[in-house]
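Quick one: structure below, then a few questions.
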Amino acid sequence: MSSEISSAADSADPQIPPHPMYTKEPRASFTPQSVDPETKKSAPTEEYFIFRPSVVQQAVQNLRGSLSEDEDGQIQSSWILAQISHWGTEREVLAFLCERSLLICYYNFLEMGSCRLFRIPLNFIDTVIWGPLTYPKMALNKREGNALQVKWDKLRAPPSFLSWWNPWTEDLSYVNLVQHPGVTAQEDLRDMCQLEQFKEKLLEMVNVAHQSSPLPGRANGALLLTRPVPIDTSIGLVSFVNSKVQLGYAKPRWGFGF
């Protein structure tokens with residue numbers, strides 16, 4: 001049998017070159033070829049956790065159980081905004097316009113829970129100010145763009161000196177809302193970030209609440225003022241650091257998420 005194989009090999013046409021993949025010593029000079037097939041690139045991860053798929057939907061669903069049917073009524077719309085304090089620090093919030101109240105929610109988007117709700121009855125709101133943010137000349141951090149200041153007790157006395165210098169004070173009769181700095185490619189979430197649309201919807205619902213549940217001795221409706229919204233920080237070192245690092249927003253930083 002071996003002699004037959006040898007004779008067959010000897011009778012092979014010497015003009016036919018050997019196959020390139022089967023050299024005389026294939027293992028001595030063989031190197032596997034590297035192939036880079038084309039792959040479909042996945043969509044980039046959103047910079048802010050709040051814009052990642054299903055995060056807002058899950059947060060809204062979790063918060064529904066915290067609402068009071070008597071005090072709030074049904075949720076009419078939900079919004080992705082940011083709050084700017086009297087010290088100039090920012091923090092992202094979920095805002096809910098309900099039948100009888102405006103809810104400002106400070107939600108932990110890392111743990112998907114452990115939130116705080118700030119409830120403002122719609123018929124308490126008496127003044128809405130819309131205009132650009134203004135800062136003292138010495139302020140280090142100056143955010144551009146319009147802000148919405150919602151006031152619910154224009155007759156309240158100004159806050160005390162200690163309250164004013166407390167960055168966590170809640171002894172203020174207003175809240176400043178600004179547009180979230182993030183940009184998302186998701187159309188439905190992008191609509192939730194429109195501050196001017198939120199203003200129009202808020203005024204509409206406030207006027208309805210004043211008509212259905214008027215407060216004794218108060219005007220039936222909110223006064224809309226178009227003027228600058230002042231941030232009365234002096235130098236604003238805290239707000240400068242907060243703004244540069246965006247501590248008030250849940251996002252990945254240096255390989256960590258906080």
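The values are calculated or read from the model by the stated rules, or taken from the named source; none is laboratory data. What you see is a predicted model; the values in this text were computed from it and never measured. In this analysis, Cβ positions are derived from the backbone assuming ideal geometry, glycine residues included, and neighbour counts consider all displayed protein chains. In case anyone asks, the SASA skips ligands and DNA or RNA and just uses the protein heavy atoms, side chains included. Shrake-Rupley method; radii C 1.70, N 1.55, O 1.52, S 1.80 Å.
Do we find that Leu148 is part of a strand (DSSP E or B), closer than 30 Å to Arg64 by Cα and in contact with a helix residue (DSSP H, G or I) (Cβ under 6 Å, 6 or more places away or on another chain) in this structure?
Yes, satisfied.
In this structure, does Val183 turn out to be among the hydrophobic types (A, V, I, L, M, F, W, C) and at pLDDT 80 or above?
Here the answer is no, as Val183 does not meet what is asked.
For every residue, the table says whether it meets (1) assigned to a loop (DSSP other than H, G, I, E, B); (2) touching a Lys or Arg at 6+ places or on another chain (Cβ under 9 Å).
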residue: Ala82; (1), (2): no, yes
residue: His86; (1), (2): yes, no
residue: Cys115; (1), (2): no, no
residue: Lys142; (1), (2): yes, no
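Could you say whether any residue in the stretch 217-226 is open to solvent by 70 Å² or more (accessible area, probe 1.4 Å), within 18 Å of Pro121 (Cβ to Cβ), modelled with pLDDT under 90 and not small (Gly, Ala, Ser)?
Looking for residues that are open to solvent by 70 Å² or more (accessible area, probe 1.4 Å), within 18 Å of Pro121 (Cβ to Cβ), modelled with pLDDT under 90 and not small (Gly, Ala, Ser), one finds at least one in the stretch 217-226, hence yes.
Please tell me if Phe96 is of a type in the set (Phe, Trp, Tyr) and modelled with pLDDT under 90.
Spelling it out, it is not the case that Phe96 is of a type in the set (Phe, Trp, Tyr) and modelled with pLDDT under 90.
Only one of (1) part of a helix (DSSP H, G or I); (2) under 28 Å from Ser54 (Cβ atoms) is not met by Val206, so which one is it?
In the conditions (1) part of a helix (DSSP H, G or I); (2) under 28 Å from Ser54 (Cβ atoms), Val206 misses (2) alone.
Name the residues in the stretch 117-132 that are assigned to a strand (DSSP E or B) and open to solvent by less than 20 Å² (accessible area, probe 1.4 Å), would you?
Ile120, Thr127, Val128, Ile129, Gly131
Residues in the stretch 69-77: is at least one modelled with pLDDT of 80 or more, open to solvent by 20 Å² or more (accessible area, probe 1.4 Å) and touching a Ser or Thr at 6+ places or on another chain (Cβ under 9 Å)?
Checked the stretch 69-77: at least one residue is modelled with pLDDT of 80 or more, open to solvent by 20 Å² or more (accessible area, probe 1.4 Å) and touching a Ser or Thr at 6+ places or on another chain (Cβ under 9 Å).
Could you check the stretch 171-203 and list, in sequence order, the residues that are part of a loop (DSSP other than H, G, I, E, B) and closer than 18 Å to Leu155 by Cβ?
If the condition is that a residue be part of a loop (DSSP other than H, G, I, E, B) and closer than 18 Å to Leu155 by Cβ, then Asp171, Leu172, Ser173 are the ones that fit.
Yes/no matrix, rows are residues, columns are (1) open to solvent by less than 60 Å² (accessible area, probe 1.4 Å); (2) among the small types (Gly, Ala, Ser); (3) at pLDDT 85 or above:
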position: Tyr135; (1), (2), (3): yes, no, yes
position: Gln149; (1), (2), (3): yes, no, yes
position: Leu162; (1), (2), (3): no, no, no
position: Trp168; (1), (2), (3): no, no, no
position: Ser173; (1), (2), (3): yes, yes, yes
position: Asp191; (1), (2), (3): no, no, yes
